[in-house]
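Taking it in order: structure first as structure tokens, then the write-up.
The values are calculated or read from the model by the stated rules, or taken from the named source; none is laboratory data. None of these values were measured; they are calculated from a predicted model. Here the Cβ positions follow ideal geometry from the backbone for every residue, glycine too, while neighbour counts run over all protein chains shown.
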Amino acid sequence: MKHPVPARVLFVLLFAVVTWLTLSTDPDETKAGFDIFNWLAVALFGRSDLGDKLAHFSAYGALGFAGAMAQWRIMGRAWPLVPGLALYGVALEVAQHVGGVRDGNAFDAGANALGAAAGFFLFGACMQIWRRRAAA
């Protein structure tokens, strides 16, 4: 992408929404909004209790994808975006635990990290496919 400004705006908006949802909402108030993840967890794994982990994975997957699309660089490289998002996810889980509205969870942090990596690598795979089709 030659002009990453729209992708950077998207990343910043997603980052803000994920941060706000993580720190400010009571999960009981937003349960109906995340029923799709419970349904997907049942469809994929046969367990509705994994819906929350799937929601974390998806949110950070979107962040990883948007961050790669935005061409963010840390120390001149793209790959540190993944551990950066993973550490941010851990920090938010710790903040949840300290804040008292929600409980921090190591499995949520793991889903955040895996999602960030998946989104980052999915963008790379999409770019490879796009380049091959453009060259053909």
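Here's a check for you: in segment 4-19, which residue that is of a type outside the set (A, V, I, L, M) and in a helix (DSSP H, G or I) is nearest to the chain's Cα centre (by Cα)?
15
Among what's in segment 94-109 and is touching a residue at least 24 places away in the same chain (Cβ under 8 Å) and either assigned to a helix (DSSP H, G or I) or on the phi > 0 side of the Ramachandran plot (or both), pick the residue that is surrounded by the fewest Cβ atoms within 10 Å (Cβ to Cβ).
Looking at the filtered set, the residue picked out is 107.
Out of (1) in contact with a Pro (Cβ under 7 Å, 6 or more places away or on another chain); (2) in a helix (DSSP H, G or I), the odd one out for residue 55 is which?
Against the list (1) in contact with a Pro (Cβ under 7 Å, 6 or more places away or on another chain); (2) in a helix (DSSP H, G or I), residue 55 comes up short only on (1).
Please find, within segment 36-58, the residue that is nearest to residue 19 (Cα to Cα) out of those that are touching a helix residue (DSSP H, G or I) at 6+ places or on another chain (Cβ under 8 Å) and free of Cβ contacts under 8 Å to residues at least 12 places away in the same chain.
Ranking the candidates gives 50 first.
With 18, 90 as the choices, which residue is at pLDDT 95 or above and either more than 30 Å from residue 134 (Cβ to Cβ) or among the polar types (S, T, N, Q) (or both)?
The match here is 90.
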